[in-house]
Amino acid sequence: MAENEHVISGLVRKRAELAGQIEYAQTALRQLVIDLDKLDGVIRLFDPDADLQAIKSSAFPPRYSAFQGDMSRIVLGMLREATAPLTTLEITNSVMADRGLDEHDRQAFNTIRRRVQSCLRHHHKGGLVRVIATGQEPFKRWVIAG
């Protein structure tokens, strides 16, 4: 059994992560149902005859959504593991591959690129990452500060 301990511990850790995500989703779902019921009640105050079942739901979640902190975790992880400074383009391509997104989907690419840029700006202001001047190259290169 000792020879498989690292496998078992990894599987246990992954199971705990998935269980946590399920618990988070169930809590969020309960809150959304409560909010919807309250909203239905307010609509009925103004229009007692409103047909709430006829109201079609909007498309959600937003495309390419992620849990809070995922983008920072991925971007900072890439910068920590990099052997050389990375461009925003390189980071964006890696994020898309990491999340299994189609690299040829321009809308997805632009969305992820903007999120990567926002993440880098945020951590640059906080002093966690810094820009490396490359001279002739038009792209900024990023590294972990320190």
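Nothing in this text is a laboratory measurement; each read-out follows from the coordinates by a stated rule. Worth saying up front: this structure is predicted, and the values here are computed from it rather than measured. Positions of Cβ are generated from backbone atoms using ideal geometry, with glycine treated the same way; all protein chains shown enter the neighbour counts.
Side notes on the structure shown:
- Helix axis angle, 88-98 relative to the chain longest principal axis, alpha carbon, degrees: 60 degrees
- Taking every alpha-carbon pair in segment 2-54 and binning the separations at 10 Å intervals from zero gives 21, 24, 18, 15, 11, 8, 2 percent.
- Straightening the chain between S9 and A82 buys 23.6 nm, computed as 0.36 nm per residue apart minus the Cα-Cα spacing.
- C-alpha long axis of helix 70-81 to longest principal axis of the chain, angle in °: 10 degrees
- When each of the peptides 121-131, 44-54, 98-108 is scored by how many other beta carbons lie within 10 Å of its residues on average, the order from highest to lowest is 121-131, 98-108, 44-54.
- Candidate lysines for bridging to K140, where Cα separation is under 25 Å - those fewer than 8 sequence places away on the same chain excluded: K125
- Whole-number percent relative contact order across the chain, with pairs defined as alpha carbons under 8 Å at least 6 apart: 19 percent
- Extension gain for D105-L45 works out to 17.1 nm (0.36 nm per residue, less the C-alpha to C-alpha distance).
- Potential lengthening of the chain between S72 and H122 amounts to 17.1 nm, from the contour at 0.36 nm per residue minus the alpha-carbon distance.
- Between the entries (i) 21.9, 68; (ii) 14.9, 44; (iii) 17.4, 49, the label attached to Rg and Dmax of the Cα atoms in Å calculated for this structure is (i).
- Amide H within-cut-off set for W142, under 5 Å, with H built and near neighbours excluded: L86, T87, I132
- Lysines with Cα under 21 Å of K38, excluding same-chain neighbours fewer than 8 positions away: K56
- Estimated FRET transfer efficiency (L89, V143; beta-carbon r; R0 22 Å; 0.05): 0.90
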